[in-house]
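Structure first, then comments.
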Amino acid sequence: MPTDERLYSYCAELMGSPILLKLYSHDEALASRIFQLIKRYEDLLTVNRAQSQVMSINHAAGQHPVTVSLPVYALIKCAKAASMAQDSAFNLAIGPLVKLWRIGFQGHRVPSAAEIAERLPLTRPQDVILDDEACSVFLAQAGMEIDLGAIAKGYIADRVRDSLRQQGVSDALINLGGNVHTLGNWSVGLKKPFAPGDALIGSIEVASQSVVTSGVYERYFEQDGKRWHHILDPRSGYPLDNELDSVTIISANSLDGDIWTTLIYGLGVVKGCAALRHHEDIEAIFVTKNRDVILSSQRNFRFSLLDDSYRLTGCTA
Ligand code: FAD
Ligand code: MG
């Protein structure tokens with residue numbers, strides 16, 4: 001790994017998130033091409049503006065199918081498959097609930113139980129109807145909304161990795177606000193939940209791997225003495241409530257990391273550890289509310305604990 005003196009950082013604000021690109025050569029033009037690439041995908045996939053390809057699908061809910069570009073179709077198809085898996089906490093049709101809570105946006109609030117009950121029937125992933133030949137997506141009920149907020153950054157991080165490789169870059173890091181992807185050897189910090197500034201629990205050494213973290217400390221608000229965070233349980237319509245403060249997934253592809261952070265949030269530590277035993281290429285770092293750092297395995301990364309108020313353990317049983 002080159003020394004840090006030769007490191008160049010480029011920053012942007014896209015997808016409502018700080019974006020950071022690190023290179024080992026000074027190349028403004030390359031950084032600008034990468035930020036443009038991210039922006040093009042944001043424009044296709046966002047649900048935070050009135051217009052995008054995903055919004056065209058949402059606007060036509062209950063009316064007609066909408067033909068979209070191949071990358072958007074492929075991502076929605078992948079998101080639907082992850083949503084249909086048994087006991088999956090991941091749900092691409094969660095949009096009506098995300099828009100109801102507005103967590104991380106102006107106007108967030110705890111909705112009434114009646115409002116949540118009203119929206120839950122509009123979040124059935126099986127009502128996202130795909131047509132491979134027409135490359136079209138149809139939301140069967142009016143009021144349905146696709147939301148790719150949990151995985152679009154992972155998909156885009158993989159495209160950034162591909163683009164950097166195609167341009168002959170062998171050492172680079174991209175951070176899309178929680179989705180880190182690497183080319184070459186890097187050390188990635190594991191954030192300390194709810195701590196101010198850049199406090200870290202530890203560091204993760206990886207080589208050309210994705211490191212995706214989802215945490216309850218990222219987007220939340222407090223009301224009635226409770227913290228309400230943005231990862232929703234598609235079964236209840238309320239934020240997932242378990243022992244986890246954050247989950248980090250180390251994997252070759254950031255899209256897998258993104259899907260698995262949400263799946264693991266739904267499963268919790270014990271079931272999450274059990275599920276990962278069948279997926280050797282996916283590894284997790286669980287950070288619990290009572291300050292355990294649990295590593296599912298350490299095949300493709302090395303972890304160093306930097307904060308001794310946390311205990312480091314492995315998956316047991
Ligand atoms: P993750 O844990 O990966 O995902 C949580 C997000 O996924 C939630 O915010 C919600 O959108 C969705 N979600 C919640 N529960 C579930 C579930 N059970 N299954 C599936 N999905 C779920 N933020 C802004 O403030 N302004 C913007 O203009 C803006 N534009 C964006 C454009 C794009 C293309 C993307 C990808 C994101 C944008 N964001 C924006 C951020 C976005 O609103 C989410 O906060 C962000 O994507 C969450 O990612 P995460 O990695 O922090 O959390
Ligand atoms: Mg995610």
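The values are calculated or read from the model by the stated rules, or taken from the named source; none is laboratory data. Source: prediction; values computed, not measured. Ideal geometry is used to build each Cβ from the backbone, glycine not excepted, and the neighbour counts take in all protein chains shown. In case anyone asks, the SASA skips ligands and DNA or RNA and just uses the protein heavy atoms, side chains included. Shrake-Rupley method; radii C 1.70, N 1.55, O 1.52, S 1.80 Å.
Write out the chymotrypsin sites (Phe, Trp or Tyr not before Pro) in the stretch 235-292 meeting two conditions: DSSP loop, and at most 13 other Cβ atoms within 10 Å of their Cβ. Intermediate results must be reported in sequence, preceding the final value.
Values: sites: 260, 265, 286; in loops: none.
Hits after loop and neighbour filter: nothing returned.
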| remark: Per the stretch 15-101, sqrt(5λ) over the Cα gyration tensor eigenvalues, sorted largest first, in Å, gives 29, 16, 14
| field | Calculated FRET efficiency for the pair residue 227/residue 29, C-beta based, R₀ 45 Å, to 0.05 | value | 0.55
| request: Over the stretch 53-139, average the accessible area per residue using a 1.4 Å probe and give it in Å², no decimals. | output: 46
| Once every DSSP H run of n ≥ 4 in the chain is given -39500 (n - 2.57) and the sum is divided by its residues, what mean residue ellipticity at 222 nm do you get, rounded to the nearest 500 deg cm²/dmol? | -9000 deg cm²/dmol
| Given the protein chains as shown and a 1.4 Å probe, how many square angstrom of residue 15 are accessible, to the nearest 10? | 40
| task | Give me the Kirkwood hydrodynamic radius of the stretch 53-139, using the inverse of the mean 1/r over all pairs of distinct Cα atoms, in Å to one decimal. | result | 13.9
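Give the residue list of trypsin sites (Lys or Arg not before Pro) in the stretch 89-162 that are DSSP loop and have at most 16 other beta-carbon atoms within 10 angstrom. Walk me through the intermediate numbers first.
On the way: sites: 99, 102, 109, 119, 153, 159, 161; in loops: 102, 109.
Filter output for the stretch 89-162: 102, 109.
Exactly which GluC sites (Glu not before Pro) in the stretch 209-246 are in a DSSP loop and have at most 11 other Cβ atoms within 10 Å?
Details: sites: 218, 222, 243; in loops: 218, 243.
Within the stretch 209-246, no GluC sites (Glu not before Pro) qualify (loop, at most 11 other Cβ atoms within 10 Å).
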| message | Can you list, by residue number, the Cys in the chain that have no neighbouring cysteine C-beta under 4.7 Å? | response | 11, 78, 135
| Spatially close lysines, pair count over the chain: Cα under 23 Å, gap of eight or more or interchain | 22
| query | When the chain is treated as a GNM, springs tying every alpha-carbon pair under 10 Å, which of 145, 13, 133 comes out with the largest mean-square fluctuation? | reply | 133
| said: Can you work out the Karplus-derived ³J(HN,Hα) for every residue in the stretch 141-151? Use 6.51 cos²θ - 1.76 cosθ + 1.60 with θ = phi - 60°, whole Hz, and x for glycine or proline. | reply: 10, 4, x, 6, 8, 6, 9, 9, x, 7, 10
| query | Taking the alpha-carbon set of the chain, what are its Rg and Dmax in Å? | reply | 19.4, 57
| Accessible area of the stretch 155-265 divided out per residue, in Å², using a probe of 1.4 angstrom | 36
| remark: For the chain, the percent of accessible surface on carbon and sulfur atoms (probe 1.4 angstrom, ligands and nucleic acids excluded) is 50
